[in-house]
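Student: Questions regarding the structure given below will be posed in turn.
The values are calculated or read from the model by the stated rules, or taken from the named source; none is laboratory data. This structure is a prediction, so every number in the text was calculated from the model and none was measured. Note that we place each Cβ from the backbone using ideal geometry, even for glycine, and neighbour counts take in every protein chain shown. Accessible surface areas use protein heavy atoms only, side chains included; no ligands, DNA or RNA. Shrake-Rupley method; radii C 1.70, N 1.55, O 1.52, S 1.80 Å.
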Amino acid sequence: MSQSYLENYLLQKGLLDTEKLTALHGVVSASGENICQAVIRMGLAPEDKVLRSLCELLGMEYIDLNLIPLDEELLHSIPAKHVVSRQVLPIRKDNGSIVVAVSDPFDSRKADELKLLLDRPIRTVISSSKDIDRILKRIYGIGAESMDQLLEESGENLEVLQEGMDENGESLEMVEDASLIQFVNQIILEAVRDRASDIHIEPFEDQLQIRYRIDGMLYPAVTPPKIKLFQQAIISRVKIMADLNIAEKRLPQDGRIKLRAGDREIDVRVSIIPGIHGEGIVLRLLDRSSIFLTLEELGMDQENFKGFNQLIRRPHGIILVTGPTGSGKSTTLYGALQKINSPEKKIITIEDPVEYQLEGVFQIPTKPKIGFDFAQGLRSILRHDPDIVMVGEIRDRETADIAIRSALTGHLVFSTLHTNDSAGALTRLVDMGIEPYLAASSVEGIMAQRLVRKVCPSCREEVPVNSIEIKEFAENNGFHKAWKGRGCEACRNTGYRGRIGIFELLMVDDNVREMVMDRVSAGKMKQYILSKGMKTLRDDGLDKAHRGLTTLEEVIRVTKEN
């Protein structure tokens, strides 16, 4: 079927216009694709609409895989290597033949190859490539084809893998096997595609579990059933990628990997700790090519934004952002620095690690292995005549002391602390050994924050509040209806996609300073701040739930009662 005929057909169906078609001509001639493949790949029209139209034209059957039951017994009976690489999905048996879904109506080669391998008649139907890929991963697991290849190559020597590497690295051949390298790469690539922030590789007695942290929650990844047999080889492969000692299995190790996924640069922090069933690995993924959020995009309400915007323009003092690990503190600080950055100001940061590169800001990474930590870095920064300084985290008295003295000598200092709320930050500094009068006179304001998952915009719907767990809570807070995500492909059927911040801003006034110097408890200090009208984390979360940005369950999960 000629390209011109297909072009006219897509124009007639309204799936293309003449402007898009002109742009496509160069792409098609360079890539060798047919016009339909190019339209789908470039996202110029929805894949399912293009495929349905082609099925009409060619007299083929289109099947929505979300609406039909699959013969999972049939799928499990066919080796992953036969179907995963070809991206063909056996759906069911039909009068002695096998019904197989493919995504390209013009490519009969894949179905023909499967027919030869299975020695069975094949009937081809058309389905979305995303649906085929999703189901293949659910049935066979991530990297199933690579795992099948490893099992095939290992043969009689499979048991040796469980013993792992010897002191001389004599088992290195398995670690450098192309199939194993591909399998580990697939685990990381799938995490990047799913917007995961972390990959957890956890060995247990009878399984090797892989989980992805997406939007702050851990989700098990579907993996091939015999992955446990390759546990040591997988761990050693990650160590090689991170330039770590593959023979050391008794002590924790930390390393870094730099990767490129398409046009995205990924910085991976690797943490390995020994356990009773083997070494556990956590990979923290930092996407260097992603755009950090501006201050306006963080989700602060008008009142908090106005107050925080005033704080970051003070001539000197300390501004703290507090919250647990993974609550978006660094993102808020980056947004603040970007907001006040100008050619007239010298801004220097010391971070562990540098997560985003800010134009016009001199950024320094810590190097713990050679003793270059926050305290030492901060001392050096002050000799570089900065106006504004950002310290990634105040972890100890030494760093806190230098930061406070920097603020008292005319510098504006940004940093983070791990405390539950804003009032707790002031008492934490005193508990670290900082003199109360120094903490009181230097700290200008504290922003406490959390991240809540956003309701998926693709499947969001208004629902009555009928859950027993939250019904009383909802009624007490004026909720009769709430928003929830029904679950769809865009959100991995979780009902959530992306996150937004909830905030609690404490502006330090003279009364708060007196309380700090009198060593008043964080609880009493917070009572006073609430009486002055401060909006708490929970208040801000409830406001966002009222607006349909998040759910009541999320607000309850990440906040405590006022």
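Student: Under the rule of at least 5 residues apart or a separate chain, name every residue whose amide H is placed under 5 Å from the amide H of residue 61.
Tutor: 126
Student: Got a sec? Charge dipole of the chain, +1 on Cβ for Lys and Arg, -1 for Asp and Glu; which of 219, 341, 286 is way out at the positive end?
Tutor: Ranked along the dipole, the leading option is 341.
Student: Accessible area of residue 133, 1.4 Å probe, to the nearest 10 Å²?
Tutor: Number for this one is 50 Å².
Student: Placing +1 at every Lys and Arg Cβ and -1 at every Asp and Glu Cβ, with all other atoms neutral, what dipole size does the stretch 406-562 have around its Cα centre, in debye to the nearest 20? Could the numbers behind the result be given before it?
Tutor: Details: 23 positive and 21 negative charges, 138 e Å.
Roughly 660 debye for the stretch 406-562.
Student: Further question on the same structure: Residues with beta-carbon under 14 Å from that of residue 308, excluding residue 308: net charge, scoring Lys, Arg +1 and Asp, Glu -1? Walk me through the numbers before you get to the answer.
Tutor: Working: positive: 306, 313, 314, 329, 339, 535; negative: 296, 297, 301, 303, 444, 504, 540.
So the environment of residue 308 carries a net charge of -1.
Student: Follow-up question, since we're still on this one. Projected onto the charge dipole of the chain (+1 at Lys/Arg Cβ, -1 at Asp/Glu Cβ, origin at the Cα centre), which of 388, 325, 416 gives the Cα projection farthest towards the positive end?
Tutor: About the Cα centre, the residue reaching furthest to the positive side is 388.
Student: Report, in debye and to the nearest 20, how large the dipole of the stretch 472-562 comes out about its Cα centre when Lys and Arg carry +1 and Asp and Glu carry -1 on their Cβ. Walk me through the numbers on the way to the answer.
Tutor: Working: 17 positive and 14 negative charges, 79 e Å.
Here the stretch 472-562 has a charge dipole of around 380 debye.
Student: Continuing with this model, one more query. Express the relative contact order of the chain as a whole percentage, based on alpha carbon pairs under 8 Å and six or more residues apart in sequence. Please list the in-between numbers first.
Tutor: Details: 951 pairs, mean separation 47.3, N = 562.
Reported as a whole number, the value is 8 percent.
Student: If you don't mind, there's one more thing I want to ask. As a test, work out the antiparallel percent of DSSP beta bridges whose residues both lie in the stretch 308-414, rounded to the nearest 5.
Tutor: Values: 1 of 15 bridges.
Antiparallel bridges: around 5 percent, rounded to the nearest 5.
Student: Treating only the Cβ of Lys, Arg, Asp and Glu as charged (+1, +1, -1, -1), what charge dipole size does the chain show about its Cα centre? Round to the nearest 20 debye. Before the final figure, lay out the partial values.
Tutor: On the way: 72 positive and 85 negative charges, 297 e Å.
For the chain, the charge dipole is close to 1420 debye.
Student: Residues with amide H under 5 Å of residue 222's amide H, sequence separation 5 or more or different chain, H placed in the peptide plane at 1.01 Å from N; which?
Tutor: 142
Student: Still on this structure, I have one more. Work out the FRET efficiency for residue 488 and residue 73 from their Cβ-Cβ distance, taking R0 = 30 Å, and round it to the nearest 0.05.
Tutor: On the way: r = 27 Å, r/R0 = 0.91.
After rounding, the FRET efficiency stands at 0.65.
Student: Determine the shape class of the stretch 188-259: with a ≥ b ≥ c the square roots of the Cα gyration tensor eigenvalues, call it rounded for a/c under 1.5, and otherwise prolate if a/b is greater than b/c, oblate otherwise.
Tutor: Numbers: a/c = 1.88, a/b = 1.21, b/c = 1.55.
Because a/c hits 1.5 or more and a/b fails to exceed b/c, the stretch 188-259 counts as oblate.
Student: So which of 367/560; 329/484; 20/484; 306/560 end up more than 30 Å apart by C-alpha?
Tutor: On the way: 367/560 36 Å; 329/484 27 Å; 20/484 37 Å; 306/560 25 Å.
Listed pairs above 30 Å: 367/560; 20/484.
Student: Rank-order 177-185, 314-322 by packing density, defined as the average count of other C-beta atoms within 10 Å over each peptide's residues, highest first.
Tutor: Working: 177-185: 18.4, 314-322: 20.6.
The packing order, highest mean first, is 314-322, 177-185.
Student: Can I ask one more? Under 9 Å from the Cβ of residue 74, count the other residues' Cβ atoms, weight Lys and Arg +1, Asp and Glu -1, and hand me the total.
Tutor: Values: positive: 92, 93; negative: 71, 72, 73.
Within the 9 Å Cβ shell, the charges total -1.
Student: Can I ask one more? Could you order peptides 90-103, 424-437 by the average number of other Cβ atoms within 10 Å of their residues, highest first?
Tutor: On the way: 90-103: 17.4, 424-437: 19.0.
The most tightly packed comes first, giving 424-437, 90-103.
Student: Go through the chain and flag any cysteine with no other cysteine's C-beta closer than 4.7 Å, please.
Tutor: Here 36, 55 come out as lacking a disulfide-compatible partner, given the Cβ-Cβ threshold of under 4.7 Å.
Student: In the neighborhood of residue 214, defined by Cβ-to-Cβ distances under 12 Å, what is the net charge if each Lys or Arg adds +1 and each Asp or Glu adds -1? Don't skip to the answer; put the middle values down first.
Tutor: Values: positive: 193, 195, 211, 213, 453, 492, 497, 499; negative: 190, 194, 198, 215.
Around residue 214, the surrounding residues sum to +4.
Student: Any chance you could give the angle, 0 to 90 degrees and rounded to 10, that helix 129-140 forms with the longest Cα principal axis of the chain?
Tutor: 90 degrees
Student: At a Cα cut-off below 18 Å, give the aspartates and glutamates reachable from residue 346, other chains included and same-chain residues fewer than 8 away excluded.
Tutor: 359, 385, 387
Student: Please work out how much length the chain gains when fully extended from residue 57 to residue 372, using 0.36 nm per residue of separation minus the C-alpha to C-alpha distance, in nm with one decimal.
Tutor: Taking 0.36 nm per residue and subtracting the Cα distance, the gain is 106.7 nm.
Student: Please name whichever of 91, 6, 503 sits farthest to the positive end of the charge dipole of the chain, dipole taken about the Cα centre and charges placed at Cβ: Lys and Arg +1, Asp and Glu -1.
Tutor: 503
Student: I'd like the orientation of helix 3-12 relative to the chain: the angle between its Cα long axis and the longest Cα principal axis, in ° from 0 to 90, rounded to 10.
Tutor: 60 degrees
Student: Further, regarding this structure: Using the eigenvalues of the Cα gyration tensor, what equivalent ellipsoid semi-axes result for the chain when each is taken as the square root of five times the eigenvalue, whole Å, largest first? Write out the running numbers ahead of the final one.
Tutor: Details: eigenvalues 492, 189, 113 Å².
Over the Cα atoms of the chain, the ellipsoid semi-axes are 50, 31, 24 Å.
Student: Shape verdict for the stretch 220-261, please, from the Cα gyration tensor: rounded (a/c under 1.5), prolate (a/b greater than b/c) or oblate. Kindly include the intermediate steps, with their values, before the conclusion.
Tutor: Numbers: a/c = 2.35, a/b = 1.28, b/c = 1.83.
Oblate, because a/c is 1.5 or more while a/b does not exceed b/c.
Student: Quick check on the chain: helices-only [θ] at 222 nm, where DSSP H runs of length 4 and up contribute -39,500 (n - 2.57) each and the sum goes over total residues. Nearest 500, please.
Tutor: Working: 24 runs with 225 residues, N = 562.
Counting only the DSSP helices, I get -11500 deg cm²/dmol.
Student: Out of the DSSP beta bridges found with both residues in the chain, what percent are antiparallel (nearest 5)? Walk me through the intermediate numbers first.
Tutor: Working: 54 of 83 bridges.
Taking every DSSP beta bridge within the chain, about 65 percent pair in antiparallel fashion.
Student: List, in the order given, every pair from 81/239; 49/115; 49/81; 81/228 whose Cα-Cα distance in the structure shown is over 23 Å. Mind dumping the intermediate values first?
Tutor: Numbers: 81/239 27 Å; 49/115 28 Å; 49/81 30 Å; 81/228 19 Å.
As for pairs spanning more than 23 Å Cα to Cα, those are 81/239; 49/115; 49/81.
Student: Between the helical axis of 47-58 and the dominant principal axis of the chain, each derived from Cα atoms, what acute angle in degrees is found, rounded to the nearest 10?
Tutor: The two axes meet at around 10 degrees.
Student: So what's the gap between the Cα centers of the stretch 217-262 and the stretch 491-562, to the nearest angstrom?
Tutor: Cα centres, the stretch 217-262 to the stretch 491-562: 38 Å.
Student: Out of residues 5 or more away from residue 390 or on other chains, whose amide H comes under 5 Å of its own, with H placed 1.01 Å from N in the peptide plane?
Tutor: 348, 349, 350, 414
Student: Ranked from the most accessible area to the least, with a 1.4 Å probe and all protein chains present, what is the order of 211, 134? Mind dumping the intermediate values first?
Tutor: On the way: 211 60, 134 85 Å².
Ranking 211, 134 by accessible area, largest first, yields 134, 211.
Student: What is the stretch 416-562 by shape, rounded, prolate or oblate, if you read a ≥ b ≥ c off the alpha carbon gyration tensor as root eigenvalues and call it rounded for a/c under 1.5, prolate for a/b larger than b/c, and oblate otherwise? Intermediate values should be presented prior to the final figure.
Tutor: Numbers: a/c = 3.37, a/b = 2.29, b/c = 1.47.
Here the stretch 416-562 falls in the prolate category.
Student: On the accessible surface of the stretch 411-562, probed at 1.4 Å, how many percent belong to carbon and sulfur atoms?
Tutor: Numbers: 3150 of 7050 Å².
So the carbon and sulfur contribution to the accessible surface is 45 percent.
Student: Still on this structure: So how do 53, 521 rank on accessible area, 1.4 Å probe, biggest first, that is with the largest at the start? Mind showing how you got there, number by number?
Tutor: Working: 53 15, 521 60 Å².
The most accessible residue leads, giving 521, 53.
Student: Now for a different question. Can you work out the Karplus-derived ³J(HN,Hα) for every residue in the stretch 332-348? Use 6.51 cos²θ - 1.76 cosθ + 1.60 with θ = phi - 60°, whole Hz, and x for glycine or proline.
Tutor: Each residue of the stretch 332-348 in turn: 5, 5, 4, x, 5, 5, 4, 5, 9, 5, 7, x, 7, 10, 9, 10, 10 Hz.
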